[in-house]
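Report on the structure given below.
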Amino acid sequence: MAAALGAAAVATASAPAAADVSAKFWDTKCNFGRACVYKLHGPEGRNWWNIEHCGYTPLNDYFTHAKAHGNSFRVYYNDNPNQWDYVAAGTDRPIGQGGDRASGVTVYC
C-alpha cells in the first residue's frame, strides 16, 4: 500500500509540471528553448511572448521581431493569409513588415 501511495504522490506532483509545458507567457526576454515574438509595447514592459510547446498557437496582435531560441517556427497573419514569416532554429529576425496582425504561430518539433 505504501508503494501505491508513493506512486500516487509522484503522479500528483508531476501534474502541474505537465500543465506548465504548454504555457504561453509575456517576459522581458525570450527564454531559452522557446519560440518568441516581440511586441514593442508589451504589457508592463514585458515585450516577449514566449511559446513553450510544439504545434499551432493562436495569436491576435502585432509583433515586429521573432526569435527561435529552440525549434524553428512560422508566423501567420490575419490581414494577409498569403503572408507568413519563417524563423529558423537558433536565429532571430524582423517579422510583420507589412504591419499585419499575427493570427498564429506553428512551432516545428
Task: Single condition TYR38 does not satisfy, out of (1) in contact with a His (Cβ under 6 Å, 6 or more places away or on another chain); (2) open to solvent by less than 30 Å² (accessible area, probe 1.4 Å) - done: (2)
- [ ] Go through the residues of the range 45-53 one by one and say whether even a single one is over 16 Å from LYS24 (Cβ atoms) and either modelled with pLDDT under 90 or among the basic types (Lys, Arg) (or both).
- [x] yes
Open item on the list: Could you check the range 53-75 and list, in sequence order, the residues that are open to solvent by 70 Å² or more (accessible area, probe 1.4 Å) and more than 11 Å from the chain's Cα centre (by Cα)?
Closed with: ASN60, TYR62, THR64
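Do we have any residue at all in the range 6-21 that's in a loop (DSSP other than H, G, I, E, B), at pLDDT below 85 and among the polar types (S, T, N, Q)?
No, the conditions are met nowhere in the range 6-21.
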Task: So LYS67, is it over 17 Å from ASP100 (Cα atoms), touching a Cys at 6+ places or on another chain (Cβ under 9 Å) and assigned to a strand (DSSP E or B) - done: yes
TODO: Go through (1) of a type outside the set (D, E, K, R); (2) open to solvent by 20 Å² or more (accessible area, probe 1.4 Å); (3) part of a strand (DSSP E or B) and name the single condition VAL105 misses.
DONE: (2)
TODO: Name the single residue, out of those in the range 23-35 being closer than 17 Å to GLY104 by Cβ and basic (Lys, Arg), that is surrounded by the most Cβ atoms within 10 Å (Cβ to Cβ).
DONE: ARG34
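The values are calculated or read from the model by the stated rules, or taken from the named source; none is laboratory data. Computed from a predicted model, the values in this text were never measured in an experiment. When we count neighbours, we look across all protein chains shown, and the Cβ atoms used for this are built from the backbone with ideal geometry, even at glycine. Ligands, DNA and RNA are excluded from the accessible area calculation, which covers all protein heavy atoms including side chains. Shrake-Rupley method; radii C 1.70, N 1.55, O 1.52, S 1.80 Å.
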